[in-house]
Every structure is written in C-alpha cells, then in structure tokens.
1. Could you grab me the full set of residues in region 1-22 that are within 18 Å of Leu54 (Cβ to Cβ) and either touching a strand residue (DSSP E or B) at 6+ places or on another chain (Cβ under 7 Å) or loosely packed, with under 12 Cβ neighbours inside 10 Å (or both)?
2. With the requirement that a residue be surrounded by fewer than 17 Cβ atoms within 10 Å (Cβ to Cβ) and at pLDDT 75 or above, what does region 23-40 give you?
3. Can you name the residue in region 41-65 that is not in a loop (DSSP other than H, G, I, E, B) and not hydrophobic (A, V, I, L, M, F, W, C) and is also modelled with the lowest pLDDT among such residues?
4. Out of curiosity, is Ser77 farther than 26 Å from Asp4 by Cα and small (Gly, Ala, Ser)?
Amino acid sequence: MICDNIPGAVDLTKYKGEKMAPVIKKFREGKLKGPLILSPFAHSKGLNLQFVKLHIFYSNFWNWEQRVQAEGRTYRSGLTHRAIYLDFVARNTVDEVILDNLKTKDEFALKFVDSLREMRKDV
C-alpha cells in the first residue's frame with residue numbers, strides 16, 4: 001500500500017462514512033502532519049478538502065466527470081491559497097492513455113461550453 005512508504009500518511013480509505021470526518025478535521029487543524037490518502041472514487045463523493053494545497057492523483061480513472069468532481073473537492077469558492085494538482089504517470093503504460101483521454105474530454109467540454117455561450121449571444 002502506498003501509505004506504508006510515506007511517513008505520517010493517513011489512509012482515509014480505511015475510514016467509512018462518519019468515521020472519516022474526525023480524521024479530516026484533525027488534518028485541517030494541523031494535528032496530523034502527514035498527507036491524506038484517498039481513493040480516487042472517494043475524492044468525488046461529497047468531501048470538502050479546500051484546505052488541501054497539493055492534490056496528487058496516483059491512480060487515474062477513465063471517468064472525466066469523477067476527475068472534475070475530485071478536483072472540485074479541493075478547488076472551492078473562497079479558496080485562500082493555490083491548489084496544485086499532480087498526476088503520477090508511469091511512462092508507456094495505460095496511465096498515459098487515461099491521462100490523454102481525460103485531457104481530450106476536458107478540452108472538448110471547454111469548447112462545448114464556449115460554443116453554447118456563443119449561441120446564447122445570438123438569441
């Protein structure tokens with residue numbers, strides 16, 4: 001497990017439901033010095049992590065919507081610091097293919113929204 005190799009890391013995948021909130025609170029208050037480790041799917045499920053400054057994706061997934069939601073856990077309105085996203089990608093593996101796929105979908109979504117805005121101007 002990745003947490004075994006990172007001093008002070010807290011593996012949030014071991015906590016379910018309401019048991020996760022006290023751990024996140026301790027992290028936010030500075031009582032835990034190591035990083036929080038979450039499942040990529042947990043990132044997209046209602047967590048508020050706007051106090052996190054560095055968000056590392058060590059395992060990506062194909063679903064663009066989940067990636068956007070995961071990033072949204074950190075980047076929230078009222079954010080008072082810079083949020084940095086970092087992807088761990090192994091060369092010449094499916095990691096590269098997935099990341100390229102996510103970038104393509106993100107670019108398409110931005111162009112689509114822009115085209116909708118242009119259409120609304122004409123109405």
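The values are calculated or read from the model by the stated rules, or taken from the named source; none is laboratory data. This one's a predicted model, so the numbers in the text were calculated from it and none came from an experiment. When we count neighbours, we look across all protein chains shown, and the Cβ atoms used for this are built from the backbone with ideal geometry, even at glycine.
1. Keep residues of region 1-22 that are within 18 Å of Leu54 (Cβ to Cβ), which gives 2-3, 5-12.
Residues satisfying the conditions are Ile2, Cys3, Asn5, Pro7, Gly8, Ala9, Val10, Asp11, Leu12.
2. Keep residues of region 23-40 that are surrounded by fewer than 17 Cβ atoms within 10 Å (Cβ to Cβ), which gives 25-26, 28-34, 39-40.
Matches in region 23-40: Lys25, Lys26, Arg28, Glu29, Gly30, Lys31, Leu32, Lys33, Gly34.
3. Going through region 41-65, the residues not in a loop (DSSP other than H, G, I, E, B) turn out to be 41-43, 54-57, 64-65.
Next, only the ones that are not hydrophobic (A, V, I, L, M, F, W, C) stay: 43, 55, 65.
Values: His43: 50, His55: 80, Glu65: 86.
Only one residue tops the list, namely His43.
4. On the way: farther than 26 Å from Asp4 by Cα: yes; small (Gly, Ala, Ser): yes.
In short, yes.
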